[in-house]
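A.B. asks: Quick one: the structure is below, questions incoming.
Please treat every number below as a calculation from the coordinates, not as lab data. What you see is a predicted model, and the numbers here were worked out from it, not measured in a lab. Here the Cβ positions follow ideal geometry from the backbone for every residue, glycine too, while neighbour counts run over all protein chains shown.
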Amino acid sequence: MNLIQAIIIAIIEGITEFLPISSTAHMKFANPLIGVQSTAFSDLYEIVIQLAAILSVVVLYYRQFFDFKKIGFYIKLVIALIPAIIAGVLLKKHIDALLDNILFIAVVMIAGGLILLFIDKLFTKPRIHAQDEVTNKNAFIIGCYQVLSILFPGLSRSAATIIGGLAVKLDRRTAAEFSFFLAVPTMLAASVKSCWDVHKTNPEVFVKDNMSLLAIGSLVAFGVSLLAIRFFITYLQRHGFRLFGYYRILAGTVIIFLVWKGIIHQ
């Protein structure tokens, strides 16, 4: 991976991390198109820049994250994180195999798009309009929805958790913000585990040039995400999910076509 490739992937991550269109899918699709081969470093890079993008949430919502008087906020995040940790530990081999299956990810993209076309009509009577109203039970259920994005790469962690929030009667904004908040401990745990695994099996990855690329990519993903979050919250409140559904269907279809033509190889 060279500098230009690293920046392109970071921009893609920053734009797509908080939209319900799957940042993982977009990075997996982009890699072969721009000549990035799957290596221990490229896999680590994708995980760590996701954490960098998600840290933009801490900056934008710093009052929420650093209000230590509201211990319930942190408890809810821990409760919501538990299902993902269990799934990640028990199903690592399954997850790793699917992450390398571009055709499967493309099919999940399309299926997720079809779901988003109808989400706005399915959840029309929210009862929870603020983070303080989210219960521990709500948090756990949303965490269970997050597991779906682990089992089905390409579904989108953001989409799964927002839908989980809507299912327990959160309004769009509150569901999206809880999804953002949950992303922080989720990706922190994933990044720490990924770094540890790579350190054990491929310690040569942690060389100066690779760390420089990782630092630059993290900064780019962080900066782009700051803009993407603002856009998504505003757009979601005004227009809902339908456009994202159409986009997912189109993107998934294009990738299947490219795989069929041999332009992208499995």
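A.B. asks: If we scan region 107-122, do we find a residue that is surrounded by 15 or more Cβ atoms within 10 Å (Cβ to Cβ), within 20 Å of the chain's Cα centre (by Cα), over 15 Å from PHE241 (Cα atoms) and in contact (Cβ under 8 Å) with a residue 40 or more places away in the chain?
C.D. replies: yes
A.B. asks: Within the group GLY88, GLY35, which residue is out of contact with any Phe, Trp or Tyr (no Cβ under 7 Å at 6 or more places or on another chain), in contact (Cβ under 8 Å) with a residue 12 or more places away in the chain and loosely packed, with under 15 Cβ neighbours inside 10 Å?
C.D. replies: GLY35
A.B. asks: Now a separate question. Taking region 240-266 only, how many residues are loosely packed, with under 12 Cβ neighbours inside 10 Å and part of a helix (DSSP H, G or I)?
C.D. replies: 1
A.B. asks: Output the residues belonging to region 123-143 that are over 19 Å from SER22 (Cβ atoms) and within 21 Å of the chain's Cα centre (by Cα).
C.D. replies: GLN131, ASN138, ALA139, PHE140, ILE141, listed by residue number.
A.B. asks: Tell me, yes or no, whether region 92-105 has at least one residue that is among the aliphatic types (A, V, I, L, M), surrounded by fewer than 18 Cβ atoms within 10 Å (Cβ to Cβ) and within 28 Å of GLY240 (Cβ to Cβ).
C.D. replies: The answer is no, given that none of the residues of region 92-105 is among the aliphatic types (A, V, I, L, M), surrounded by fewer than 18 Cβ atoms within 10 Å (Cβ to Cβ) and within 28 Å of GLY240 (Cβ to Cβ).
A.B. asks: Is region 109-116 home to any residue that is assigned to a helix (DSSP H, G or I), touching a Leu at 6+ places or on another chain (Cβ under 6 Å) and not acidic (Asp, Glu)?
C.D. replies: yes
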